[in-house]
1. Given the peptides 327-333, 33-39, arrange them by the average over their residues of other C-beta atoms within 10 Å, most packed first.
2. Report the charge-dipole magnitude of region 274-338 in Debye, nearest 20, computed about the Cα centre from +1 at each Lys and Arg Cβ and -1 at each Asp and Glu Cβ.
3. Of Thr160, Cys302, Ser208, which is farthest along the charge dipole of the chain in the positive direction, counting Lys and Arg as +1 and Asp and Glu as -1 at C-beta?
4. Taking only complete DSSP H runs, can you tell me which helices of the chain stretch 27 Å or more along their own long axis by Cα positions and average at least -0.5 on the Kyte-Doolittle scale?
5. Hey, which of these cross-link pairs are over 31 Å Cα-Cα: Lys171/Lys254; Lys41/Lys253; Lys153/Lys256?
6. Using alpha-carbon positions, what is the distance between the centroids of region 87-143 and region 148-167, in Å?
7. Given charges of +1 on the Cβ of Lys and Arg and -1 on the Cβ of Asp and Glu, with all other atoms neutral, how large is the dipole of region 87-185 about its Cα centre, in debye to the nearest 20?
8. For region 130-296, with only Lys/Arg (+1) and Asp/Glu (-1) charged at the beta-carbon, what is the dipole magnitude about the Cα centre, in debye rounded to 20?
Amino acid sequence: MKTNECILAIETSCDETSAAIIRNGIEIVSNVVSSQIESHKRFGGVVPEIASRHHVEQITIIIEQALKEAKMSMDDISAVAVTEGPGLVGALLIGVNAAKSLAFAHNLPLIGVHHIAGHIYANRLVRELKFPLVALVVSGGHTELVLMKEHGKFEVIGETRDDAVGEAYDKVARTLGLPYPGGPHIDRLAALGEATIDLPRAWLEPESLDFSFSGLKSSVINTLHNYKQRGEEIVVENVAASFQASVIEVLVKKTKRATDHYGVKQLLLAGGVAANKGLRAKLEEEFTESEIDLIIPPLSLCTDNAAMIGAAASIKFNYKNFSGYDLNGNPGLDLEQQ
Ligand code: KG4
Ligand code: ZN
């Protein structure tokens, strides 16, 4: 590895504008994140057009801030990395065009990064990765079990057949009248309640590593509807606790199935839902005493940020796997083709 390789990374795939500088793939020199949550809250979800406009307003300020906090100029930068997809196309384009302009103006290599590769590589900012490993990826758009046998190669061994887990959290939260994004609210309320309601667990076929959360989501909505019709009191904390218990039981059991089956050395947790306290605690309970090294990133590296994009880009930098100036935002980018 080249010593003191410094990557300027940019992330604009959804509702966070972020820029970071990562040294040698493992050290965060700076990581500036500007969240747009307040602007989207009143609409109950991310409005793509508003997201793009905010990214346009923020992008140069955030990049300058990342350089300033790192006490660096573009002369210290070895490459410019950016989230290429998946995400909202208009939002992705702002980051991609900013990265292309910077790379062109300063004659630097350009590196397109898959957003989920970024979430997975957030773990390398905590500890060195050991292969083979499995990553449990849980975010607003993705729920996947990913097997890695070496750096930069991803094999999806299980995925959701319908809703992503974060999406189910947000929809259930909306039904309960909680603000967007609902995941953290359900998590907080779940800790105050008891799992008194019997909700389904979608195990699918025996041995399947796939997930399904839409049945659970509908079941919560139906239960709430029935309570209202019967005029029974809804204890929001108990609904949250029951929903969270179902989600966590399925996520943890399927993850255990995957780690047993593939005999992995490490288990990584990745994505926005990795911030969930209940999930973190249950994974720790399940794996702390085991031979498998469990990495759970700090909260700041679970939700969208550019540091994780820089960490993933470092692997491509070392393989000289650079992008051309025809790099485009790609909402359907495939993780396995990276
Ligand atoms: O990874 P992320 O920041 O954006 C995507 O790439 O999708 O994930 C956002 C998702 C949202 O659905 C949000 O509700 C969920 O992560 N989330 C949580 C928690 N914190 C964020 N879900 C459950 N518990 C949490 N503590
Ligand atoms: Zn994300």
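Readers should treat all values here as calculations from the given coordinates under stated rules, not as data from a laboratory. Note that the structure is predicted; figures quoted are calculated from it, not measured. Methodologically, a virtual Cβ is constructed for each residue, glycine included, from the backbone with ideal geometry; neighbour enumeration extends over all protein chains shown.
1. Averaged packing, sorted descending, gives the order 327-333, 33-39.
2. 320 debye
3. Cys302
4. Flagged H segments are 48-70, 236-262.
5. Details: Lys171/Lys254 23 Å; Lys41/Lys253 33 Å; Lys153/Lys256 21 Å.
Violating the 31 Å limit, Cα to Cα: Lys41/Lys253.
6. The two parts, judged by their Cα centres, are 15 Å apart.
7. Charge dipole, region 87-185, about its Cα centre: 280 debye, nearest 20.
8. Working: 19 positive and 25 negative charges, 56 e Å.
Here region 130-296 has a charge dipole of around 260 debye.
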